[in-house]
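Take a look at the structure below.
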Amino acid sequence: MAKGSANQTRSVPNKHLHARIAYLHQAATHLALQAPVVTHTDPTNLQQRGLPLLLTAQLQAVSQKAQIRLSHDMKRSICKACSTPLMPDTTSETRIENKSRAEKKPCADVLVIQCRNCHAEKRFPIGAQRQKRKAERRLASVAVDPKGAKKQSSEVKMADD
């Protein structure tokens, strides 16, 4: 008799930790939306310190301790410097920059998210397409270039001699 049935699907390991991370993220974003808006003009009125920061710091600690990777959306919604939950127009400012000459290249567009608490910036390229992985590029170049494939096969024959 086998240890487990082949028909059973495997559950997610550390499911309780995934649930805890999701709860901490939801609670931190909810509390960040309830707090007053952070402004640049009044640095003494930074009301974002407190529970939302504590919850996001705890979220990051749980994920690091359990070696669970956070999703891209969750990672992008937390300030790396001060652990503030980044909400558009409340705790962060969002703009698009293009530092190419005369802003001519649409592939050079960069989404910049600036934290209003610590003024740290997160930058994400949005205009350019992601480059394929190295193995996929090699397969594509061999499949497209038949001359390269012949060259590789002749090199193999020479190596055998």
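Values quoted throughout were computed directly from the atomic coordinates according to the rules given, and no laboratory measurement underlies them. Here the structure is a predicted model, which means the values were calculated and not measured. Heads up, the Cβs are rebuilt from the backbone with ideal geometry, glycines too, and the neighbour counts pull from every protein chain shown.
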Exercise for review: Measure off 7 Å from each Cα along the Cα-to-Cβ vector at Q58 and L33, then give the distance between these two points in nanometres to one decimal.
Suggested key: 2.0 nm
Revision key, fill the gap. extent check for segment 15-125: Cα max minus min per principal axis, descending, whole Å, gives 50, 34, 18
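Under a Cβ-Cβ cut-off of 15 Å, what is the net charge of the residues other than I113 that fall near it, where Lys and Arg count +1 and Asp and Glu count -1?
Details: positive: K75, R76, K80, R95, R116, K122, R123; negative: D73, D89, E93, E97, D109, E121.
Once positives and negatives cancel, what remains is +1.
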Review point. Dipole size in debye (nearest 20) for segment 15-125 around its Cα centre, Lys and Arg Cβ +1, Asp and Glu Cβ -1?
Key: 500 debye
